[in-house]
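> I have a structure here, written as structure tokens, and I will follow up with some questions on it.
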Amino acid sequence: MTNAPGRHRRTGLTALALLPLAALAACGGGGGTGDTSAEEGSGKGTISIWAHQGQASETAALQNAVKSFNSSQSDIKAELKLIPENDYTKTITATDASELPDVLEFDGPTMANFVYNGKLAPVDDHVSTRTLGNATDAVKAQGEIDGKHYGLGMFDSGLGLYANKKQLDAAGVTYPKSVEDAWTAEEFGQALKALKAEDPDGKVLDISEQYGLATEWGTYGFSPIVWSAGGALLKDGKAEGALDSPKVVSAMKTFQSWKAYVDPNTDGNAFTNGKVALSWVGHWMYPAYGEALGDDLVVLPLPDFGNGPRTGQGSWAWGIGAHSENGKAAGTFLDYLLNDTNVGAMTKANGAVPATRTALAKSELYREGGPLQLFADQLARSCGDSAVDDSCVAVTRPVTAGYPTVTAKFHTALNSIYGGADPQEALRKAARAIDRDFADNAGYEIP
């Protein structure tokens, strides 16, 4: 994750993949030919693989998977090329589609842009039906365009509230035990007031401000407010009327009012040091939080702004290069990469949510009764990128080649609102800018 602060917490941030998406915006143009199906090939020979070089434990897990794949059979030789994390997305963006490898990793929200530019092929005809069927609904939603799957992941991400049970009890605050009884936004505000009364400096909430709100964290972490209020970043290809609707404006005014309770958390340790009782962040903080709080750590859903609680999701995924001449061999490798052994090893290395049904059921953290079961429960109720169903919870960031513009305009607006700007004006400005860009690019329709 490029330019992500708090590098000592790369485990979680890598899983979230806060990459520089804005650079993609200038790369639109629908460079694809309309037919991006990889050639089937012989299913034998050498295949090339590109992946980002993230934290050491993730890299080791991937290298071990490639090594064991090569040892498991003699028909296919997988050659792995690791590219420094800071350069990875820029490298794919700058590389001509014909020069890309047979198999490549990518940050989930970048996928549609790569499809738009003819760089990714559907995987449906190349991976096994078992592999496709074993993928979780949330991960499939992130990787699907017009009924075709261009990406499958080893892991997903979980987002919610961590809470210090001892501090909640001391302030007389009752808290939700599941998504079904999530705090309303009003109840969350009341909890903040009660906690403030027991806190020396009145700063009781961490929203991971140290990551920067004008980054992908801003979109991933806080677009659930938009969805929960009944709005959307994009609806039917337009932001105006969805992103700047009265309900979203009202929700953002509420969010803005919480700043008085927020600890800036510049060192990233506000929650572990007991300075705050609540932390709005993702699965990646569990190791540090669990170690610091033990049995006093509880995991809660985000507040409900009127349309049901929502959460973010999505992370790195794997796909097949559109110009691959050996899609069958590439699919065979992906089948192997996404088996329980390799998904288990990778998610043990980075603590992320397993993105396959079978590995998820075996996970000590996320299975039924596990400390992070809430995150798995949320992801099991996938909204796709529409969130029209009140019963769904996990929302995929908009699957569109114009996503770099959407996220840049939204998190810029979010940051300005947090800084005191008028929510209505900030959201209206963002929506208009998004719609102008989409109009200028024919709606980013994928050929």
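> For the list (1) among the polar types (S, T, N, Q); (2) more than 29 Å from Ala56 (Cα to Cα); (3) surrounded by 24 or more Cβ atoms within 10 Å (Cβ to Cβ), I need the number of the one condition that Ser98 fails.
For Ser98, the exception is condition (3).
> Kindly indicate the residue of region 186-227 that is assigned to a loop (DSSP other than H, G, I, E, B) and among the aliphatic types (A, V, I, L, M) and also most open to solvent (accessible area, probe 1.4 Å) among those meeting that condition.
Out of the qualifying residues, it is Ala214.
> At least 2 residues that are hydrophobic (A, V, I, L, M, F, W, C) and either touching a His at 6+ places or on another chain (Cβ under 8 Å) or open to solvent by 10 Å² or more (accessible area, probe 1.4 Å) (or both) in each: list the helices (runs of 4 or more DSSP H) lying fully within region 338-447 that qualify.
340-350, 357-362, 373-379, 423-440
> Given Thr131, Thr110, which one is open to solvent by 10 Å² or more (accessible area, probe 1.4 Å), β-branched (Val, Ile, Thr) and not in a loop (DSSP other than H, G, I, E, B)? Steps first, answer last, please.
Details: Thr110 fails: open to solvent by 10 Å² or more (accessible area, probe 1.4 Å).
The match here is Thr131.
> Identify all residues within region 228-240 that are open to solvent by less than 60 Å² (accessible area, probe 1.4 Å) and either closer than 30 Å to Ala442 by Cβ or modelled with pLDDT under 95 (or both); write none if there are none.
Hits for region 228-240 are Ala229, Gly230, Gly231, Ala232, Leu233, Leu234, Gly237, Ala239.
> Filter region 78-95 down to the residues that are hydrophobic (A, V, I, L, M, F, W, C), open to solvent by less than 40 Å² (accessible area, probe 1.4 Å) and assigned to a helix (DSSP H, G or I) and list them by number.
Ile92
> Oh, and also: Consider only pairs whose beta carbons are under 8 Å apart and that are at least six residues apart or on different chains; among these, list those whose first residue lies in region 202-220 and is more than 20 Å from Arg310 (Cβ to Cβ) and among the polar types (S, T, N, Q) and whose second residue is open to solvent by less than 10 Å² (accessible area, probe 1.4 Å) and assigned to a loop (DSSP other than H, G, I, E, B).
Short answer, once both residue conditions are applied: Gln210/Asn265.
> So, one more: Would you be able to say whether some residue in region 61-69 is more than 19 Å from Met346 (Cβ to Cβ), part of a helix (DSSP H, G or I) and either among the aromatic types (Phe, Trp, Tyr) or open to solvent by less than 10 Å² (accessible area, probe 1.4 Å) (or both)?
There is no residue in region 61-69 that is more than 19 Å from Met346 (Cβ to Cβ), part of a helix (DSSP H, G or I) and either among the aromatic types (Phe, Trp, Tyr) or open to solvent by less than 10 Å² (accessible area, probe 1.4 Å) (or both).
> Now a separate question. Is it the case that Ser315 is closer than 30 Å to Ala191 by Cβ and among the polar types (S, T, N, Q)?
Numbers: closer than 30 Å to Ala191 by Cβ: yes; among the polar types (S, T, N, Q): yes.
Yes; evaluated as a whole, the condition is true for this residue.
The values are calculated or read from the model by the stated rules, or taken from the named source; none is laboratory data. Keep in mind it's a predicted model, so treat the numbers as computed, not measured. Cβ atoms come from the backbone with ideal geometry, glycine included; neighbour counts cover every protein chain shown. Ligands, DNA and RNA are excluded from the accessible area calculation, which covers all protein heavy atoms including side chains. Shrake-Rupley method; radii C 1.70, N 1.55, O 1.52, S 1.80 Å.
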